[in-house]
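Encoded as structure tokens, the structure appears first; notes follow it.
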Amino acid sequence: MYDVIIIGSGPAGLAAAIYGQRARLDTLVIEKQPMSGGQILNTYEVDNYPGLPGLGGFELGMKLRAHADSMEAVFVQEEVEKVQRAEDYWQVVTDRETYETKTVVFATGADHRKLNVPGEEALTGMGVSYCATCDGAFFRDKVTAVVGGGDVALEDALFLARFCKKVYLIHRRDRLRGAKTLQEKVFAAEKIEVLWDSQVEEILGQEQVEKIRVYNKKEEARRELPVDGVFIAVGISPNTRLAQGVAELDAGGYIVAGEDGRTSAPGIFAAGDVRTKQLRQVITAAADGANVITSVENYLYGL
């Protein structure tokens, strides 16, 4: 019987593992992938983690895992199939074993929706990004493209326009979906050019993004645009399949939980990108990992 089982080994899960060990909780981390770190493993350079500017995403992931290992956190690489209630404790059923635990921390993260076009995967981290606030600073005085038409895409375009030479906002429809106030700012920004009824068909480049092939469905025309970076903002999908029927989810599919990580189910907690929150970045995920263990302790000790 574990005190806490952490599902996921991104920054939130690894921070929770470290704090769980510091709290002398009997802790187990279950990770699906063969390597810890989550999404940051695909980030070429992390420029906004305090005290470690310019550190590679892979290196940061390895440092977080090494810290957890130094605390003698226990990891198993298995795929969780379901989480279920059993009397006054929880069972975590994987493809190999059934574990019993007093509490569960969902740190399963969220995945950025992708365009699924040629060149996207190969050039991710080399000009293709899903987070303008994370990677935008690397494109100062360069030409970038933002794909999407919602609030995040508009905010990304405005953010990049502060320091990029030019920003293309590529949207597949003839009107934007974002808030009217954001639309007004986008239309007023001299550096932003909106490409209507358009979609990116291919991202081209050798070791770095060099250009994109764009198709305008209304004109039935294709053209290639030289760009240095492509920021894809077509939404994210939380990995909450395991939480369905266990804890309350919001309309977007995120686990409803505050800064303390407490969910609607006793003994079930959520940390990182998988929960309802304003900002999803490495630093907020790591902070969630610390907060959630304090909540786990309070729950275990009846506080």
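The values are calculated or read from the model by the stated rules, or taken from the named source; none is laboratory data. Being a predicted model, the structure only gives us computed values, none of them experimental. Because the Cβ atoms are built from the backbone with ideal geometry, glycine has one as well, and the counts that use them run over all protein chains shown.
Looking at segment 147-161, can you tell me whether even one residue there is closer than 30 Å to residue 6 by Cβ, not assigned by TED's automatic domain parsing to the domain that holds residue 294 and not hydroxyl-bearing (Ser, Thr, Tyr)? There is at least one residue in segment 147-161 that is closer than 30 Å to residue 6 by Cβ, not assigned by TED's automatic domain parsing to the domain that holds residue 294 and not hydroxyl-bearing (Ser, Thr, Tyr).
Right, residue 160: touching a residue at least 12 places away in the same chain (Cβ under 8 Å) and surrounded by 23 or more Cβ atoms within 10 Å (Cβ to Cβ) or not? Yes: the conditions hold for residue 160. Under the condition of being in contact (Cβ under 8 Å) with a residue 24 or more places away in the chain and either under 15 Å from residue 6 (Cβ atoms) or polar (S, T, N, Q) (or both), the residues counted in segment 101-138 number 12.
Okay, residues lined up against (1) free of Cβ contacts under 8 Å to residues at least 60 places away in the same chain; (2) among the aromatic types (Phe, Trp, Tyr); (3) buried (at least 17 other Cβ atoms within 10 Å of the Cβ):
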residue	(1), (2), (3)
153	no, no, yes
165	yes, no, no
174	yes, no, no
178	yes, no, yes
184	yes, no, no
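Considering 253, 245, the condition of being touching a residue at least 12 places away in the same chain (Cβ under 8 Å), surrounded by fewer than 24 Cβ atoms within 10 Å (Cβ to Cβ), assigned by TED's automatic domain parsing to the domain that holds residue 84 and part of a loop (DSSP other than H, G, I, E, B) is satisfied by 253 alone.
On inspection, residue 6 passes the criterion of being under 23 Å from the mean Cα position of the chain (by Cα), part of a strand (DSSP E or B) and closer than 19 Å to residue 296 by Cα. Residue 206 fulfils the conditions (1) under 24 Å from the mean Cα position of the chain (by Cα); (2) assigned to a loop (DSSP other than H, G, I, E, B); (3) surrounded by fewer than 16 Cβ atoms within 10 Å (Cβ to Cβ); (4) not charged (D, E, K, R) except for a single criterion, (1). Filtering 82, 63 for residues that are among the charged types (D, E, K, R) and in contact (Cβ under 8 Å) with a residue 60 or more places away in the chain leaves a single hit, 82. The listed residues are 99, 19, 49, and the only one of them that is over 18 Å from residue 272 (Cβ atoms) and surrounded by 17 or more Cβ atoms within 10 Å (Cβ to Cβ) turns out to be 99. Restricting to segment 256-303, give me the number of residues that are assigned to a loop (DSSP other than H, G, I, E, B), touching a residue at least 40 places away in the same chain (Cβ under 8 Å) and in contact with a helix residue (DSSP H, G or I) (Cβ under 6 Å, 6 or more places away or on another chain). The qualifying residues number 3.
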